[in-house]
Structure formats: C-alpha cells, structure tokens
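Take a look at the structure set out below.
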Amino acid sequence: MIRVMVADDQAMVRTGFGMIIDSQPDMEVVGEAADGVAAVDLARRLRPDVALLDIRMPRMDGLEALRLLAGKGVADPIKVVVVTTFDLDEYVHTALSTGACGFLLKDSGPALLVEAVRAAVSGDALISPSITVRLLEHLSPPAPARDDAGLSPRELDVVRLAARGLTNAEIAERLFIAVGTVKTHLGSVHMKLGARNRVEIAAWAWERRLVD
C-alpha cells in the first residue's frame, strides 16, 4: 500500500485529493496538514511514501517545507510532489532543484495526480505537460541528426507520446497495448538514453524533432 500525505491550506483541495488517492486499490491517505509547519512535523512522524505539498501555505510555504523534508543534507529524505495553482518558472526550478519528485498543477486531473505518486515511489519524476513544454523552450537548438539511440519503432512511439505529456494509461490506449507494456518500453528507454525521468526523455525527443 502506497501511503500518501496531503498538505494544502484549502480543506476542499485536501478532500478532493484524498478521494482520488483513496479510490486507488493500492493507495491510502495517512495524514493531512493545513500549513507548512504542520506538514513538516506530520511527514517526519508518519514517514509517508509520498507527500503532496502545496506551495502557498500559512506559517511556512511548501518550498521551505520541501527543503526540510527532501533538500540537500536531509539524512532520510521524503519523496515530495509539489501540487499547486502557480506554475511560475521560479517555483518550478526551485522545487526541482530542491529535491521534488514531481511538479503538478492542481487542474492536471486525477489520472496525472495518481501517476505522479506512482512515479515518485518508483524513483521517477512527473511534471505537468504544460510546464514541461515551457521548460523545453529553453533548451539548445534541436540536434541536426535524428539519432534514435537504438530505440525500437514501438519505443519511439511511446517516447513521442510521453514527450507530449500523455500518461501511461493514455499511451496504452492510444497504441492499443497494455499499461504494463508501456512501463516495460519506458524502462528500456530509460536504460538506452541514460535518462533519469520523463522530463529528460521528453527533452531528448524534442531536441531531435521527434514531436510535432
């Protein structure tokens, strides 16, 4: 069972996230916090598998809470996914550089929230598609060569869809394959590209103009 903690100053948001998480057969919400100080204390006591943190909270914001739970020098870091209404570049870069395992907008939808939790547990990172595209705009010009890095045609299909921000379930539906098969392909892609997460896979695809 994946144990999840939710920290947000809005009770309706906490309730909504809780309903999404608890609807999964292998997930449960083990604690809720309404401010950053309470979030840090609760996370340290409960040691959830994943903590969902808002950014703008009373007493201590989510970025400072993230630093205390997963930043440099933390002996036993907790996996944190930032979920917020604000997608300012400053917030995104600070969160990812501080140790966040994901950065989602609150309107990303239930499927992406669940996948972000699973990605964090598996050591991956998931970022809202709209933010990923904006981050990729700052990359160097596309590579002239269409090097496929030894990826199979099906793996390239999966990469193209992942680079466009589709979830594993959406990729599976689009390609008429099982979700487990998508995960297998992505695992192979991670190995062949030496990529740490979906963002690096997306960057590789965009740089080579594999995505329309």
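The values are calculated or read from the model by the stated rules, or taken from the named source; none is laboratory data. If you're wondering where the values come from, they're calculated on a predicted model, not measured in any experiment. A quick note on method: Cβ atoms are made from the backbone with ideal geometry, for glycine too, and the neighbour counts reach across all protein chains shown. These area figures cover heavy atoms from the full protein model, side chains too; ligands, DNA and RNA do not enter into them. Shrake-Rupley method; radii C 1.70, N 1.55, O 1.52, S 1.80 Å.
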Requested in this report: Give the residues of segment 17-36 that are open to solvent by 60 Å² or more (accessible area, probe 1.4 Å) and either modelled with pLDDT under 95 or not aliphatic (A, V, I, L, M) (or both), sorted by residue number.
Outcome: ASP22, SER23, PRO25, GLU28, GLU32
Query raised in the report: Is it true that VAL6 is over 18 Å from ALA125 (Cβ atoms) and assigned to a strand (DSSP E or B)?
Result: yes
Query raised in the report: So which residues in segment 65-74 are open to solvent by 60 Å² or more (accessible area, probe 1.4 Å) and touching a helix residue (DSSP H, G or I) at 6+ places or on another chain (Cβ under 7 Å)?
Result: ARG67
Query raised in the report: Could we say that ASP87 is modelled with pLDDT under 85, assigned to a loop (DSSP other than H, G, I, E, B) and of a type outside the set (A, V, I, L, M) here?
Result: yes
Query - segment 99-113 residues that are charged (D, E, K, R), paired with ones that are open to solvent by 20 Å² or more (accessible area, probe 1.4 Å) (beta carbon under 6 Å, 6 or more apart) - result: LYS106/THR85
Query - Among residues of segment 69-117, those that are touching a Ser or Thr at 6+ places or on another chain (Cβ under 6 Å) and of a type in the set (S, T, N, Q), counted - result: 1
Query raised in the report: Which numbered condition trips up PRO77, out of (1) touching a residue at least 40 places away in the same chain (Cβ under 8 Å); (2) open to solvent by 10 Å² or more (accessible area, probe 1.4 Å); (3) under 18 Å from GLY102 (Cβ atoms); (4) outside any strand (DSSP E or B)?
Result: (1)
Query raised in the report: Looking at (1) surrounded by fewer than 16 Cβ atoms within 10 Å (Cβ to Cβ); (2) in contact with a Lys or Arg (Cβ under 7 Å, 6 or more places away or on another chain), can you tell me which one ARG45 breaks?
Result: (2)
Query - Only one of ALA39, ALA95 that is open to solvent by less than 10 Å² (accessible area, probe 1.4 Å), in a helix (DSSP H, G or I) and modelled with pLDDT of 95 or more - result: ALA39
Query raised in the report: Can you name the number of the only condition in (1) open to solvent by 20 Å² or more (accessible area, probe 1.4 Å); (2) of a type in the set (S, T, N, Q); (3) in contact with a Leu (Cβ under 8 Å, 6 or more places away or on another chain) that THR84 fails?
Result: (1)
Requested in this report: Using the structure shown, decide if GLU115 is buried (at least 20 other Cβ atoms within 10 Å of the Cβ), modelled with pLDDT under 90 and not β-branched (Val, Ile, Thr).
Outcome: yes
